[in-house]
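The values are calculated or read from the model by the stated rules, or taken from the named source; none is laboratory data. All figures in this text were calculated on a predicted structure; none of them were measured in a lab. Positions of Cβ are backbone-derived with ideal geometry, glycine not excepted, and every protein chain shown enters the neighbour counts.
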Amino acid sequence: MNFKYMRIQGREDSYVTEYPKGVFSLCWNLIRDNMLDEDEKALFISIDEWFKVYLPEPEPCINHEKVITFFKCEGTEEMRAKLEPAIALLDKYQKPYDVVYTNFVGTIVYEDDWQVAVRVEDGRMI
């Protein structure tokens, strides 16, 4: 089966969206909680910076709107591969997460070549 979208998300909700936090928030929480050593922290920050350079941050995210993002499955292998070390940090520190594949994401409010952002309300995609 082919899926259009993929999201890596934790099992704790964002206070903004009331939807499970994405992979970047989960890793920033590891830094906030002083769980990473300096090399691991530098590794994740370099991944985050790479994404800021090569993947546009959706306007709704910049504005702190209630949205979540999904990667498009087709043509984003490089970006998913770039996330592998961040996912390894989640594994190492036993931060539970799920990789969600779907064709149904709700109302798309932003789209580029690599991702979509969708509205959430009361912790659900609308």
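Candidates V100, V118, V109: the one that is in contact (Cβ under 8 Å) with a residue 60 or more places away in the chain, of a type outside the set (D, E, K, R) and over 17 Å from I45 (Cα atoms) is V100. Can you confirm whether the stretch 7-20 contains a residue that is in contact (Cβ under 8 Å) with a residue 12 or more places away in the chain, in a helix (DSSP H, G or I) and touching a helix residue (DSSP H, G or I) at 6+ places or on another chain (Cβ under 7 Å)? The answer is no; no qualifying residue exists.
Restricted to the stretch 36-61, and to residues there that are free of Cβ contacts under 8 Å to residues at least 24 places away in the same chain and within 17 Å of Y110 (Cα to Cα), the residue that is surrounded by the most Cβ atoms within 10 Å (Cβ to Cβ) is E57. Search the stretch 1-24 for residues being surrounded by fewer than 16 Cβ atoms within 10 Å (Cβ to Cβ) and farther than 16 Å from M125 by Cβ, and hand back the single one that is modelled with the highest pLDDT. Among them, the one singled out is R11. Note on the stretch 113-124: residues that are farther than 17 Å from C73 by Cβ and part of a strand (DSSP E or B) amount to 4. Number of residues in the stretch 71-99 that are modelled with pLDDT of 95 or more and either hydroxyl-bearing (S, T, Y) or in contact with a Pro (Cβ under 9 Å, 6 or more places away or on another chain) (or both): the value is 4.
Looking only at the stretch 25-35, count every residue that is loosely packed, with under 12 Cβ neighbours inside 10 Å and not in a helix (DSSP H, G or I) and tell me the total. Residues that pass the stated criteria total 2. Take the residues in the stretch 78-112 that are assigned to a loop (DSSP other than H, G, I, E, B) and touching a Phe, Trp or Tyr at 6+ places or on another chain (Cβ under 7 Å); name whichever of them is nearest to L36 (Cα to Cα). Looking at the filtered set, the residue picked out is V105.
Determine, yes or no, whether F44 is among the aromatic types (F, W, Y) and either closer than 22 Å to K4 by Cα or in contact with a His (Cβ under 9 Å, 6 or more places away or on another chain) (or both). Judged against the criteria, F44 is not a match.
When we screen I87, I126 for residues that are surrounded by fewer than 19 Cβ atoms within 10 Å (Cβ to Cβ) and free of Cβ contacts under 8 Å to residues at least 24 places away in the same chain, the only hit is I126.
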